[in-house]
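The block underneath contains the structure these notes are about, expressed in structure tokens.
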Amino acid sequence: MSSYSLTDFDSEGRGDVARWFFAMNLIPFHDNRISLNSWYCNSKLAENTPFGKLPVLEIDGLKICQSKAIGRLLAKRYGYYGRNDLEQARIDMVVDCIADVMDRGLHIFFYMDEGSKKQKELKDFIETTLPEGVACLSNILDENQYGTGFVGETLTWADYEFASQFSWLEIAGHVVNLPSNLRNLMNTVLNIPQIKEYRENYAKRSQHLQQVMSSYKLYYFDFPGRAEVIRWQFLLAKVPFEEERIPKEKWADLKPKYLSDLPFGQLPLLEVDGKKLCQSGAINRMLAKKFGNYGKNIEEETRIDMVIGCMSDVIEPAVVIYIRNKDSPDFEKKAADYENRVLPEGLAKLEKLLEQNNEGIGFVGKDITWADLELVVQTGWCKSINLKPNFPPRIQKLREHVLQIPEIAAYVAKYDK
């Protein structure tokens, strides 16, 4: 028997039909799921795939990419690819028709920048492209006089592909007005015992889809500060968010407007589906959990919290000295002590924490976490107040790595002026 390993995102999507085929045929396989954060922050993951994309199916050591190639292969192996060349051609036709509809939607949802153009394209997709595609698929389904699916007497790859792709749309929050024949087909597929059990037991729904369904609005000043890591988490997760940047010099006049929403009269403030949250630590922890930046178990989560606390011990004295007490008569003395003793000692301790992680470049595990983003932002803030810290090698390497992540590099180039 062949050995199978499927690598795909930790979500429902293009790899699901392969998982369904394995489940229905009781075929053991290694289900290697990768978070979006890991994929975007670790370029080596893409380099280890044949074409820089997921899913990838490894069969006895041979890697195969492209979801349709994977689906077609497994359909042939397990009897979901028709009885003759005409049925196979018709199955391919339906799968390609589904792709014509879905690929446009995926491009709009995940790859277009937020703005009026995206909203126009999305409206056109939902009101025109999707209904037209559904109508064509309904007609094709009606042409089959032999069974409940698109081709022949039994369900084929085309039927599973349809059910997977269109149920994905509905999970994403886009209710599709399916004709009764297509709705019945989807229900037939999704109620197959092995598929139903697989979906019910799949505890981790696609994090990216959950994020798309939420709306976010961030309120903070028009400079980095305590909201910068929040912004970076949205960028790395490719989650759109609205932002209101408030000029610091106007805050005194604008503060009364926000006081009812600010328990302590401070920013940042994040609205999530209309619910208001304050305190940067609480906001970042929530986003880190939601976006996969908070470790893989309670031990890693605790270590991330520990690093964040240690970092606060290093940086908060600088906030007190350089921001709140900069007019103090003993400012020069305290500033010199901080720059020459407190900061170097703190960086040395953080360096030791980095050295304790043998799995990756950051503080915890293999992937970039909230703690790593916090380090880069906080040490960058030190430089912005004209401190000239001498970064130890691991800290310097981590800073360079994070600042070279494309989304962060583009953001810094735009705002760090």
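Structural remarks
- From 100, 92, 96, 142, residue being surrounded by fewer than 20 Cβ atoms within 10 Å (Cβ to Cβ), closer than 22 Å to residue 24 by Cβ and either out of contact with any Asp or Glu (no Cβ under 6 Å at 6 or more places or on another chain) or modelled with pLDDT of 95 or more (or both): 92
- Test: residue in segment 320-342 that is closer than 24 Å to residue 221 by Cα, surrounded by 13 or more Cβ atoms within 10 Å (Cβ to Cβ) and among the hydrophobic types (A, V, I, L, M, F, W, C): yes
- With respect to the conditions (1) under 28 Å from the mean Cα position of the chain (by Cα); (2) on the phi > 0 side of the Ramachandran plot; (3) free of Cβ contacts under 8 Å to residues at least 40 places away in the same chain, residue 365 lacks only one, and its number is (3).
- Qualifying residue in segment 385-408 (condition: closer than 21 Å to residue 222 by Cβ and either small (Gly, Ala, Ser) or touching a strand residue (DSSP E or B) at 6+ places or on another chain (Cβ under 9 Å) (or both)): no
- Subset tally (residues that are exposed (fewer than 15 other Cβ atoms within 10 Å of the Cβ) and of a type in the set (S, T, N, Q)) for segment 265-285: 1
- Selected residue (only one of 189, 176 is outside any strand (DSSP E or B), at pLDDT below 90, among the β-branched types (Val, Ile, Thr) and under 29 Å from residue 127 (Cα atoms)): 176
- Residue that is crowded, with 17+ Cβ neighbours inside 10 Å, at pLDDT 80 or above and in a loop (DSSP other than H, G, I, E, B), where the choices are 239, 229: 239
Results for (1) over 18 Å from residue 379 (Cα atoms); (2) outside the structural domain of residue 394 (by TED's automatic domain parsing); (3) among the aromatic types (Phe, Trp, Tyr), shown as yes or no for each residue.
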site: 313; (1), (2), (3): no, no, no
site: 335; (1), (2), (3): no, no, no
site: 353; (1), (2), (3): no, no, no
site: 360; (1), (2), (3): yes, no, no
site: 363; (1), (2), (3): no, no, yes
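- Cβ pairs under 6 Å, 6+ apart, first in segment 232-250 and closer than 13 Å to residue 292 by Cα and in contact (Cβ under 8 Å) with a residue 40 or more places away in the chain, second among the hydroxyl-bearing types (Ser, Thr, Tyr) and in a loop (DSSP other than H, G, I, E, B): none
The values are calculated or read from the model by the stated rules, or taken from the named source; none is laboratory data. Because the structure is a prediction, the values reported are computed rather than measured. Cβ coordinates were reconstructed from backbone atoms using ideal geometry, including for glycine residues, and neighbour counts include every protein chain displayed.
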